[in-house]
1. In nanometres, what is the gap between the two model label sites at residue 38 and residue 106, each 7 Å from Cα along Cα-to-Cβ?
2. So if I take the centroid of the Cα atoms in segment 125-162 and the same for segment 66-81, what is the distance between those two points in Å?
3. Kyte-Doolittle cut-off -0.5, length cut-off 24 Å along the helix's own axis using Cα: show which whole DSSP H helices in the chain pass.
4. How far apart, in nm, are two points set 7 Å out from the Cα along the Cα-to-Cβ line at residue 155 and at residue 134?
5. Over segment 69-113, what lengths in whole Å, largest first, do the semi-axes of the equivalent ellipsoid take, defined as the square roots of 5 times the eigenvalues of the alpha-carbon gyration tensor?
6. If I compute solvent accessible area with a 1.4 Å probe over the protein chains, what percent of it on segment 76-122 is carbon and sulfur?
7. In Å and whole numbers, how far do the C-alpha atoms of the chain stretch along each principal axis, longest first?
8. Quickly estimate the mean residue ellipticity at 222 nm for the chain, helices only: each DSSP H run with n ≥ 4 gives -39500 (n - 2.57), and the total goes over all residues, rounded to 500.
Amino acid sequence: MQRPVNLPSTQSRTGADLLAASAPGMGDPNGRVVLHVDSGSLAGRRQAVDESVARLARMPHVTAASPVATSADGRTAYTTVSYDRQVKTLGHASTATLDTATAEARASGVEVAYGGDLNQIVRPPADDRTGEAVGDLVALLILPLAFGSVAAALLPLVTALV
């Protein structure tokens, strides 16, 4: 397990301490939850939006959910959700927790999208096996030509596979 780096008496640490004291949660890892309606405004769905934001704030590892910031036309808004750890460490299973927290807003006709660091957990993991297999085959063809011997070409391939 990696220990966090702590550099006391530096300008960065002083700034981080001041931020933590004056605005708790603002320096934490975070992501955005964007709320949008195609017609009308979010004002008519304010109760569902507020309930969803309150549920976001009560999710595991969440330190804060900012007040909703609404666009001038009232059709788009967002809240920033801050976490006590890096968002990507929460895993893809956290997507279901986000969806449950925002279910009331969705049920009232509000489109919900996740942005910022939340994109790391809501986007499905890439399946790179095909790309890696093609890369290995191309390396098997090119490396013997580049090194002039099969034994010399296999060394970087074995190292890469290990």
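1. 1.7 nm
2. Each part's Cα centre sits 49 Å from the other's.
3. 129-147
4. Once both label points are built, they end up 3.0 nm from each other.
5. Semi-axes from the Cα gyration tensor: 23, 15, 7 Å.
6. Details: 1070 of 2150 Å².
For segment 76-122, the apolar C and S fraction of the accessible surface comes to 50 percent.
7. Ordered largest first, the chain gives principal extents of 72, 49, 28 Å.
8. On the way: 7 runs with 72 residues, N = 162.
For the chain, the value works out to -13000 deg cm²/dmol.
The values are calculated or read from the model by the stated rules, or taken from the named source; none is laboratory data. As the structure is a prediction and not an experimental result, all values here were calculated from the model. All Cβ positions, even for glycine, are placed from backbone atoms using ideal geometry, and neighbour counts span all protein chains on display. Accessible surface is based on the protein model in full, side chains and every heavy atom, while ligands, DNA and RNA are left aside. Shrake-Rupley method; radii C 1.70, N 1.55, O 1.52, S 1.80 Å.
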